[in-house]
Structure formats: C-alpha cells, structure tokens
Amino acid sequence: MSGGSSGAGVVVVGGGQAGFSVVSTLRNAGYEAPVTVLAEERHLPYQRPPLSKKLHTEPEDIRAGLVPESFYRERNIDLRLGDDATAIDTAARTVSTRTGARVPYDHLVLATGARNRPLPVPGAELDGVHALRSIPDALTIGRALAAARDVVVVGGGFIGLELAQVAVTHGARVTVVELADRLLSRAVSPQLQEHLRERHERGGVRILTSTAVRSIEGAGRVREVVTDQGVLPADLVVYGIGAAPRDELARDAGLAVDDGVVVDAHLRSVTDPRVSAVGDCARHPHPHAHGLVRLESVQNATDQGALVGRRIAGSPAPYESLPWFWSDQGAVKLQIAGLRASTDEVHMVPGDSPERLAAYAFRDDRLVAVETLNWPAEHLAARRLLERRVPVRTADLVGSTLGALARARRTSEVRT
Ligand SMILES: Cc1cc2nc3c(=O)[nH]c(=O)nc-3n(C[C@H](O)[C@H](O)[C@H](O)COP(=O)(O)OP(=O)(O)OC[C@H]3O[C@@H](n4cnc5c(N)ncnc54)[C@H](O)[C@@H]3O)c2cc1C
C-alpha cells in the first residue's frame, strides 16, 4: 500500500467499466484495506458495447453484466448501487453521497465516465427522441425500434452507425443525418470513411452528410425531422452526437479539469496525488499522443483502472497501453489499433477477400496506427507489433500485410 494510509482504504466513484477494473485489480493484487464503490446506476457494473449492437426489448436480453453480485461480496467490496457521490472534500479526504453518507478515503478514484451531449434543437424533448448510454436507454430504444418504420439517426459516429444497422436489420427505413461532410469524420481516416459509407448505403441505410437538423416536429410525439436539406418522416429519432466527460465533481472540489479530469502519467490528479481519474472522464498524457488525450473505449477504461489498482496496491507504472477500439456496424467489424493524427500518411491495402481492408497510418515513415474492416487477424498483428514498438516502415508493407510481416519476423527471430 502507498504511504500515508489511515486505513480508510479506497473509494471509487462510478461503477462502470473503469471502476470495476480498479476494484477487481485491487483485490487480485492483494490489497486488504476497505474498498467502496459509489455507483449512481442501480444495475451491477456492466459493459456498454452490447447496448448498441443488437435490439433489446427485455432486460434479460441484455447480456452486459461484468460479474455477479457474489464477486463483490466474496471480495469484501462495498458496492453501493444507486448512491452517487455529490461532493469531495480533498482536505478532509471524504466523499459525500446522495443518501447523506460521508465516506473517508486514503485514495479516491474518479471513474465517472461521460454523458451524451444533448441535441440542441427545438423538439428534442418530444416522445420518441432518444440517446443511448445505459441499460434503461437500450430498452426504451429497443422497444420503440421494434415498432418503428421510419428511423432517423442524428450523428454518423460509432454509436449512430451501429444503431442504424440494428434498425435496418429490423426492417425500418433508416436515414443517418450527419453535420460533417463525412461519417466518423475525426475517428477514422478519410480513406476508410468512404468505404464505410458505401457499405452502409449498400446495406440499405440512407446517409445525408453536410446536413444540419433544424428541428424535430410532432404533437407530443415525434412525426418528422426538419433538416436544411428537407423534411424526413420519423417515428423514432436516435441521436449520438458525442459525449462530454463527467468532471463536475472534480471541478467543484478544486481539482484541475479541462474537458476531463487532468491527470499525470500515473493517472493521479495533477492537483492532488491522492485522487486518480480513469476511463472516459480522464484527460491524460500518452506516449502515442501529442499533448493530453481523453479516450472513450473499453480498452482505455479497463487498462487505466488496472494500472491505478496496481499502483495503489504497491506496483506503480506510467500509463503506456496501446489504445485499441472496435465497432460492429452490421456486417462490418471496424477495429483500430494505435492513435492516428490527421497529419499522418495513410495507405489503404485490400485484404484477401473483398470485405477486408486495412488502412495503415505512418508518421515520419513509421507505422503508428492501423484501421481494419472485417480483418481481425490483421488487427491483432498490428496490436502485437505496435505494442512491442517494432518499427514498421512504408516499404515493409509493399505487397505485404502486418500478419505476413509478423510471421516473417517470428521466423527470422527463431532462426537467429
Ligand atoms: C452505447 C455504447 C456503445 C459503446 N460501444 C463501444 C465499443 O464497441 N467499443 C469500445 O471500445 N467502447 C465502446 N463504448 C465506450 C465504452 O463503453 C466506454 O468508453 C466505457 O464504458 C468507459 O468506462 P468508464 O468506466 O469510464 O465509464 P462508464 O462505463 O460510463 O461508467 C461510469 C459510471 O459512473 C457513474 N457515475 C457518474 N457520476 C457519478 C457520481 N457522481 N457518483 C456515482 N457514480 C457516478 C455513471 O452512472 C456510470 O455508471 C460504448 C459506449 C456506449 C455508450
């Protein structure tokens, strides 16, 4: 255990992917002091990715739980569902909760995630207009989708495109409305954006880019979406226009925030080293990034939670995990390894079947990120090479793939 301990142990605010990773790692690493999780949601900690990849109409359809309740009980983790943290007193080292408790800590970990950005147009409050983040949202959308004929998805990001595919598979007429001139405009390389668009259109989704939603109309319930390119009939509108970190608790406690809780390479608040932040709510340095980054992914939440858990249990290390991500959009599996910058040079390479594709991003002639469509083996090879920092140059990939390169290097390693 790190120094200055009073025996109060660890308090984690947020019972999501990152919070779970912190507490499970603490106990696996032999940490014996009290561990408390303050969790706003009433569900046991769960994963969010399954929520947008399938239609859910009944709670038992949703297979998103991480571990059963007994996991927490057997490890003496005090999981307080439905009791959110309302204030932090960093001087007294206590957290106040909605139910009036004041919980002391030696170490506080903020794992509060992010919230969906609201849709800033008239009519966004009508019935039938939804955003997706939680299990209750997934059920509301799933039940509405089961009966919907005309679905408008506002926002051509990962969640919007996943939901568009779910809706089209269930027989709805689906239009995606995106303000930018491309889908996934910042998240993937321009070369891949065009391929993704074609594939979605081929799959029956209508896509309107460079299009702004002006208002949503209806008498109590959504009837149509008014855009600057015309009016779209709609009996369900789902929007996914980005997320904002939940950093207000930290800000109110006087901790540095800047679109996320600002932390150092060990994920400690730059204001107070007894406070850490992990997952979607943390803005952190990363060896693969210029400046500080805030990442929204399962990998980041899991690895950051584990890193802080290990540090508190006595094994500190800087955060250097390779970022990776996936998104399942109907028949398209998109996977990303590494962090691409807009100035990187991108080379597209077709795979050995028409559905497979890879985009390799180079910075100063060194591979920094790889995006693949329907090519998990190439994604895994990319992860292995990038994690081990094996230098790969543009010339290495002429007429080759990372999978082939990794195999060749393994063979030569065995021979030498
Ligand atoms: C629909 C959807 C699909 C996704 N699909 C993918 C995917 O395919 N691949 C991928 O890599 N990532 C995906 N993500 C992103 C991924 O789920 C997140 O990056 C990850 O959940 C972040 O973990 P976290 O613990 O930081 O936040 P969360 O898992 O969101 O957990 C934060 C928790 O903190 C709670 N909380 C907030 N404030 C307080 C408070 N004051 N007191 C107590 N509790 C509080 C919240 O209620 C929430 O339960 C998806 C996200 C969504 C919403």
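HN-Hα J couplings of the stretch 195-200 from phi, Karplus 6.51/-1.76/1.60, θ = phi - 60°, integer Hz, Gly and Pro as x?
Computed from phi, the couplings for the stretch 195-200 are 5, 5, 4, 4, 5, 5 Hz.
Taking θ as phi - 60°, what are the ³J(HN,Hα) couplings along the stretch 344-361 by the Karplus curve (6.51, -1.76, 1.60), each to the nearest whole Hz, with x for Gly and Pro?
5, 8, 10, 10, 9, 9, x, x, 7, 9, x, 7, 9, 7, 9, 10, 9, 9
Taking the Cα centre of the chain as the origin, how large is its charge dipole in debye, to the nearest 20, when only Lys and Arg (+1) and Asp and Glu (-1) carry charge on their Cβ atoms?
I would put it at about 840 debye.
Simple spin-label model, 7 Å along Cα-to-Cβ: residue 264 to residue 96 in nm?
Label at residue 264, label at residue 96, 3.0 nm between them.
Using the crude model of +1 on Lys and Arg Cβ and -1 on Asp and Glu Cβ, and no other charge, please compute the dipole size for the stretch 119-207 relative to its Cα centre, in debye to 20.
200
Out of residues 5 or more away from residue 114 or on other chains, whose amide H comes under 5 Å of its own, with H placed 1.01 Å from N in the peptide plane?
When sequence neighbours closer than 5 places are left aside, the close amide H contacts are 246.
Find which of 160, 390, 208 sits farthest along the positive direction of the dipole of the chain, computed with +1 on the beta-carbon of Lys and Arg, -1 on that of Asp and Glu, about the Cα centre.
Checking the options against the dipole of the chain, the answer is 390.
Multiply the residue gap between residue 395 and residue 74 by 0.36 nm, knock off their C-alpha separation, and tell me the result in nm, one decimal place.
Value of the extension gain: 110.2 nm.
I'd like the accessible area for residue 54: 1.4 Å probe, protein heavy atoms, all chains in place, Å² to the nearest 10.
Near enough 110 Å² of accessible area.
Take residue 140 and residue 355, extend 7 Å from each Cα along the Cα→Cβ direction, and tell me the distance between the two endpoints in nm.
The two pseudo-label positions are separated by 3.4 nm.
Can you work out the accessible area per residue across the stretch 118-239, with the rest of the protein chains kept in place, probe 1.4 Å, in square angstrom?
43
Round to the nearest 0.05 the FRET efficiency obtained for residue 5 and residue 317 when R0 = 25 Å and r is the Cβ-Cβ distance.
Calculated transfer efficiency: 0.80.
Run lengths n ≥ 4 of DSSP H only: what is the helix-derived mean residue ellipticity at 222 nm for the chain, with -39500 (n - 2.57) per run over all residues, to the nearest 500?
After summing the helix terms and dividing by the residues of the chain, the value is -7500 deg cm²/dmol.
Which percent of the accessible area of the chain is formed by carbon and sulfur heavy atoms (probe 1.4 angstrom)?
The C+S portion of the solvent-accessible surface of the chain is 50 percent.
For the stretch 58-70, in order, what is each residue's ³J(HN,Hα) by Karplus, 6.51 cos²θ - 1.76 cosθ + 1.60 with θ = phi - 60°, in whole Hz (x at glycine and Pro)?
10, x, 6, 5, 8, 9, 10, x, 8, 9, x, 4, 4
Calculate the length of the line joining the C-alpha centroid of the stretch 322-349 to that of the stretch 274-315, in whole Å.
The two parts, judged by their Cα centres, are 20 Å apart.
Could you work out how far the C-alpha centroid of the stretch 121-174 sits from that of the stretch 182-218, in angstrom?
After rounding, the separation between the Cα centres reads 15 Å.
The values are calculated or read from the model by the stated rules, or taken from the named source; none is laboratory data. This is a predicted model, so every value here is computed, not measured. A quick note on method: Cβ atoms are made from the backbone with ideal geometry, for glycine too, and the neighbour counts reach across all protein chains shown. Side chains included, ligands, DNA and RNA excluded: accessible areas come from the protein's heavy atoms. Shrake-Rupley method; radii C 1.70, N 1.55, O 1.52, S 1.80 Å.
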